[in-house]
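Note sheet for the following structure.
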Amino acid sequence: MSTALIETKHLTINFGGHRAVDDLSLTIAPNTFTSIIGPNGAGKTTSFNLLSGLLRPSSGKIYFKGTDITGLSPMQRVALGIGRSFQLTNVFPTLTVHENVRLVLQARERVGFRPLTSYLRFPQLITESEQILDEVLLSSKSRLPAARLSHGEQRKLEMAMVLAMRPELLLLDEPTAGMALEEVPVMLELLSRAKARGESTIVLIEHKMDLVSKLSDRVLVLVNGALLTEGTPDEVSKNPAVLKAYLGGGIRREATA
C-alpha cells in the first residue's frame, strides 16, 4: 500500500498538438513541503490544474491517499481535503475581508450561505475568522471590502481563505506573484508558520529560489512537461541539468539520465 499523500502515474495532457504535461509520475509524502520549479512553460500550473481537478488528463492517473481521484470534480477534491491557490488573486472583491474568510469557514462546516440568517449566530466562526486574519496580518483591514486591499494584501487574504479550509494537501501556485519586494518576507513568514504547524502537506510553485531553498524539504524540477529531476534544494541547485534548463531555456528529456 502506498504511503504517498498524493501520487500521479504517467500523467499526460495534450492541447491539440502540444503536450503540456508529459508522462508525469511523482509522489508527495505526507507532512512535507515540496516545491515545483522549472522554466516558463514547463507545465507547472497545468500540473496543478490536473491535481486540483480543473483539467482532466488525456491519460494517466491521480491518487490521493491511495484512492483514484482522476475523475473527481474540483469540489469533490476540496471535500477530500485538497486546497488550492492560484497565480491570479481569487477573492470576492465586494465582500469584506472578514466575510471572505468567514464564508470559507461556513462552507467547511457545511453551514452554507444563509442570506436570511445573521452571521452572529455562528460566534465560533467569527472567532476563527478573526484568528486567521490576525495570523496573516490583516486584522486591521477586516471590515474593508477586499477590492480596497493592495495586491499584496489580496494575496495574503487568499492565503487566509485557503488556510481556513484546513486542507490536508495545500497547493500554492506562486503566492508571491506580483507582490512588491518588501511584501515577500511577510509571505515567507506565513508559509513558514503553515509548515511549522504541520497540519497540511504543502506543494508550492515558485520562481523565487531563495524562498524555495528556505522552505522546501524536496524540490521537483519540470521541463517541457516532464520531471527532469528531484532532490533536496542543495542537490537541485548544483545539478548541471537544472542549470542548463534555466540558462539554456530548455532541455531535452534524454538529459535526465
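Just to be sure, is residue 40 without any contact (Cβ under 8 Å) to a residue 60 or more places away in the chain and crowded, with 17+ Cβ neighbours inside 10 Å? In short, no. Restricting attention to the range 147-160 and to residues that are open to solvent by 20 Å² or more (accessible area, probe 1.4 Å) and touching a residue at least 40 places away in the same chain (Cβ under 8 Å), the residue that is farthest from residue 102 (Cα to Cα) turns out to be 151. Reported count of residues in the range 171-222, each being part of a loop (DSSP other than H, G, I, E, B), more than 19 Å from residue 81 (Cβ to Cβ) and open to solvent by 10 Å² or more (accessible area, probe 1.4 Å), is 9.
Here residue 76 clears all of (1) open to solvent by 50 Å² or more (accessible area, probe 1.4 Å); (2) over 29 Å from residue 152 (Cβ atoms); (3) not in a helix (DSSP H, G or I) except the condition numbered (3).
Residue 69 satisfies every condition listed in (1) surrounded by fewer than 18 Cβ atoms within 10 Å (Cβ to Cβ); (2) free of Cβ contacts under 8 Å to residues at least 24 places away in the same chain; (3) of a type in the set (A, V, I, L, M, F, W, C); (4) touching a strand residue (DSSP E or B) at 6+ places or on another chain (Cβ under 7 Å) except (1). The lone criterion from (1) touching a residue at least 60 places away in the same chain (Cβ under 8 Å); (2) open to solvent by 60 Å² or more (accessible area, probe 1.4 Å) left unmet by residue 45 is number (2).
Condition check ((1) among the charged types (D, E, K, R); (2) in contact (Cβ under 8 Å) with a residue 60 or more places away in the chain) across all residues:
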| site | (1), (2) |
| --- | --- |
| 170 | no, yes |
| 179 | no, no |
| 183 | yes, no |
| 186 | no, no |
| 189 | yes, no |
| 193 | yes, no |
| 197 | yes, no |
| 206 | yes, yes |
| 211 | no, no |
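If you filter the range 79-105 down to residues that are at pLDDT below 90, surrounded by fewer than 18 Cβ atoms within 10 Å (Cβ to Cβ) and of a type in the set (S, T, N, Q), you find that the one that is farthest from residue 153 (Cα to Cα) is 87.
So, of the residues in the range 48-63 that are over 19 Å from residue 228 (Cα atoms) and touching an Asp or Glu at 6+ places or on another chain (Cβ under 8 Å), which turns out to be least open to solvent (accessible area, probe 1.4 Å)? The residue in question is 62. For residues that are over 21 Å from the mean Cα position of the chain (by Cα) and surrounded by 17 or more Cβ atoms within 10 Å (Cβ to Cβ), scanning just the range 131-145, find the one that is farthest from residue 105 (Cα to Cα). Only one residue fits best here, namely 141.
Listed by first and then second residue, the pairs linking a residue in the range 230-243 that is over 13 Å from residue 209 (Cβ atoms) to a residue that is loosely packed, with under 15 Cβ neighbours inside 10 Å, with Cβ atoms under 7 Å apart and 6 or more places separating them unless they lie on different chains, are 241/255; 241/256.
The values are calculated or read from the model by the stated rules, or taken from the named source; none is laboratory data. Every value quoted in this text rests on a predicted model; they were computed, and no experiment measured them. Quick reminder, even Gly has a Cβ in these numbers, built from the backbone with ideal geometry, and neighbours come from all protein chains shown. Accessible surface areas use protein heavy atoms only, side chains included; no ligands, DNA or RNA. Shrake-Rupley method; radii C 1.70, N 1.55, O 1.52, S 1.80 Å.
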